[in-house]
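Taking it in order: structure first as structure tokens, then the write-up.
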Amino acid sequence: MHMADPILLFTGEELRRAGAMMNPLDILAEELVARGGPGAAAYRCTLTPWTPADAGTDAGDVTETLVLCELSGTGDRSLMPAEMLRLLGAAALTALAVRELLGPGLITACVLGSGLAAEVQLATNAQHAPDISHVAVWPGGTAEAAPLDPRVLDQLELAGARLTSTASVGQALFGANLVIVTEDVGDAPAGTHLAKGALVVNAAGTELPAGFADGAQVHLVDDARLLTGVPDPQMYLDLGATAAGGHDARPVDADLGQVLTGLHRGRPHLDAIVVVELLSAGLLILPLAGRLHQLARRLGLGRPVG
């Protein structure tokens, strides 16, 4: 493919379709283990913020923020909605944490949040965590939260998961051994009750409220390199639109890469409460973008621009 060939524009829905046809967990696990060194995943690309003037192309009436993905090996190029790429990365990391850190048995899940972020989390985890039996959703502080996409509801039903909506954070948390936070939950009461053995994944890009996870025995992050606040440019793109937010004041025990390699046991016993904070929640993950580009193109998705 020559550089003069058209750039493909993928919609957010097309990225979701491509994401549903792949297993992003192994890609991200490989990257977190390799830490940018030899042996990292082969889906190398560059991601750059894009405007029509940058490439002399016209994407029509697109109003969302796009990034230009260029594969390092072939030079194939595509435009991707940044927000969908970000959400798919956070959901895949959540599912990876579930795979590695949640104890055996049925999963009673709760999602604290609404909108597209909650939908992507629900769809991704329903696909990669087949033991989910029930999901309670607290749709945030607004009573006018949009209903979930019917396709997500169908996916949960096919997975055998029952869905309920709750009026409070406490109701959503009741009995949940998987807690996924996708937005700021406000001032949770001190000593908020978490079930024994619960896994809490903070994908909101903001700090958990004080007292939310006081009973946690283990505090993990996805990638400890991000504690310095300087993302690896070969792994992440920071558009600056969604601040990753600071982690809470408790010391970090390890990151997912150390859990994957066995350097940290992750969960010391089945009843331990584990909190995983996704420091990359506001970032775009390059290897995931490269793999999504390859698969979406293979599926015949996208339209040429330029």
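The values are calculated or read from the model by the stated rules, or taken from the named source; none is laboratory data. Everything numeric here is computed off the predicted structure, so don't read it as measured data. Every residue, glycine as well, gets a Cβ built from its backbone with ideal geometry; the counts of neighbours run over all protein chains shown. Surface accessibility is based on the protein's heavy atoms, side chains included, excluding ligands, DNA and RNA. Shrake-Rupley method; radii C 1.70, N 1.55, O 1.52, S 1.80 Å.
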About the Cα centre of the chain, how large is the charge dipole given +1 on each Lys and Arg Cβ and -1 on each Asp and Glu Cβ? Please answer in debye to the nearest 20.
700 debye
Which residues' amide hydrogens lie under 5 Å from the amide hydrogen of VAL200, considering only partners 5 or more residues apart or on another chain, with H built in the peptide plane?
VAL179, VAL274, VAL275, VAL276
Heavy atoms of the protein only, probe of 1.4 Å, neighbouring chains included. What is the accessible area of ARG303 in Å², nearest 10?
110 Å²
Once amide H atoms are built 1.01 Å from N in the peptide plane, which residues 5 or more positions from GLY140, or in another chain, come under 5 Å H to H?
GLY113
Multiplying the sequence separation of LEU239 and ALA20 by 0.36 nm and subtracting their Cα-Cα distance, what value in nm do you get?
76.4 nm
Would you mind calculating the gained length between ALA210 and ASP271 on full extension (0.36 nm times residue separation, minus the Cα-Cα distance), in nm to one decimal?
19.8 nm
Largest first, how would TYR236, TYR43 line up by accessible area (1.4 Å probe)?
TYR43, TYR236
Rank these by accessible area, largest first, 1.4 Å probe: ASP184, ASP76.
ASP184, ASP76
Qualifying GluC sites (Glu not before Pro) for segment 119-186 [loop in DSSP, other Cβ within 10 Å: at most 11]:
GLU144
With θ taken as phi - 60° and the coefficients 6.51, -1.76 and 1.60, list the Karplus ³J(HN,Hα) couplings across segment 83-98 in order, rounded to whole Hz; mark glycine and proline as x.
5, 5, 4, 5, 5, 5, x, 5, 5, 5, 5, 4, 5, 5, 4, 4
Listed by chain and number, the residues whose amide H is under 5 Å from that of THR192, excluding neighbours fewer than 5 places away on the same chain and using placed H, are ASP214
Tell me, what is the FRET efficiency for ARG35 and THR65 to the nearest 0.05, using R0 = 35 angstrom and their Cβ-Cβ distance as r?
0.80
Net charge of neighbours whose Cβ lies under 15 Å from the Cβ of ARG162, counting Lys and Arg as +1 and Asp and Glu as -1:
-3
So, in nm, how far is label LEU299 from label PHE174 when the simple model puts each one 7 Å beyond its Cα toward the Cβ?
3.8 nm
Which sequence of GLU277, GLU14, GLU83 reflects their accessible areas, 1.4 Å probe, from the largest down?
GLU83, GLU14, GLU277
